[in-house]
1. Could you go through region 82-96 in sequence order and give the Karplus-derived ³J(HN,Hα) for each residue, using 6.51 cos²θ - 1.76 cosθ + 1.60 with θ = phi - 60°, rounded to whole Hz, and x for Gly and Pro?
2. With Kirkwood's inverse mean 1/r over C-alpha pairs for Rh, give me the Rg to Rh ratio of region 38-96, two decimals please.
3. By accessible area of protein heavy atoms, probe 1.4 Å, what ranking do Thr24, Thr69 get, highest first?
Amino acid sequence: MRTGDLPEEFWDEFDEDPHPDDDTVPVWFPGEALPPDARALGLTHHVPDGALLDFAGRLDGTKRLHRVTAWVLLLVFGFPVLLAVLRVLHAAADRL
């Protein structure tokens, strides 16, 4: 007989999982922070794009280290785009 099947007065107050019939997936399982749109596209945490989305989706804005990590990710992915735009603008300016 499981703890969840017992009347409340017989529950073990030190039992770590008093309701073992809960079928929800633990939050620490990979792929749980993927947005529904990414899942609809077929992305999982097994592919690089899905893993990055899963990682970024787990960042918590209330934690300082997570905010710093988000800014570093923004710089890492934004800097090459900025350089490419500057290169296109420089090439366009040379043609004039």
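The values are calculated or read from the model by the stated rules, or taken from the named source; none is laboratory data. Since this is a predicted model, take the numbers as computed values, not measurements. Accessible surface is based on the protein model in full, side chains and every heavy atom, while ligands, DNA and RNA are left aside. Shrake-Rupley method; radii C 1.70, N 1.55, O 1.52, S 1.80 Å.
1. Going residue by residue, I get 4, 5, 5, 5, 5, 5, 5, 5, 5, 5, 5, 5, 5, 6, 7 Hz, with x marking Gly and Pro.
2. 1.19
3. Solvent-accessible surface, decreasing: Thr24, Thr69.
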